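The structure appears below as structure tokens.
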Amino acid sequence: MDIKYISLRRSAEKILRLSRSMLQQAIDRQWDQLACLEVDRGRALNHLFDHPDIKQCLPMLSDILYEVLEVDRECIQITEKERFTLLQNLHHQSTQDRAVNLYRNNAPG
């Protein structure tokens, strides 16, 4: 086994570990930690895909990278659901605020 392949495989495995950690943070609703992990994973992804031998080794890394995509899919589903909930809550709060302001502006006295 070629040393450059081993190095790239370790990088891909690190990306997978970071992705799984991000998923766990999403499940736990720990958004700040998820964001920090995402920065770390971005650096790891850049390191992997900037490697001069990535094109040659990519077929051998596809199993790991496919798993990264699957974990990402789960993470995105969780974060999109949370985003939708937050937007609904903001809309509801905004509607309540408008009603209170309308009442204050039109109340006698």
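No lab work stands behind these numbers, since they all come straight from the coordinates. All values derive from a computational prediction rather than experimental measurement. Here the Cβ is made from the backbone with ideal geometry for all residues, glycine too, and neighbour counts use every protein chain on show.
Scanning region 3-23 for residues that are buried (at least 21 other Cβ atoms within 10 Å of the Cβ) and over 15 Å from the mean Cα position of the chain (by Cα) yields L8, A12.
For region 33-51, enumerate the residues that are acidic (D, E) and either under 11 Å from the mean Cα position of the chain (by Cα) or not in a helix (DSSP H, G or I) (or both). Selection gives E38 alone.
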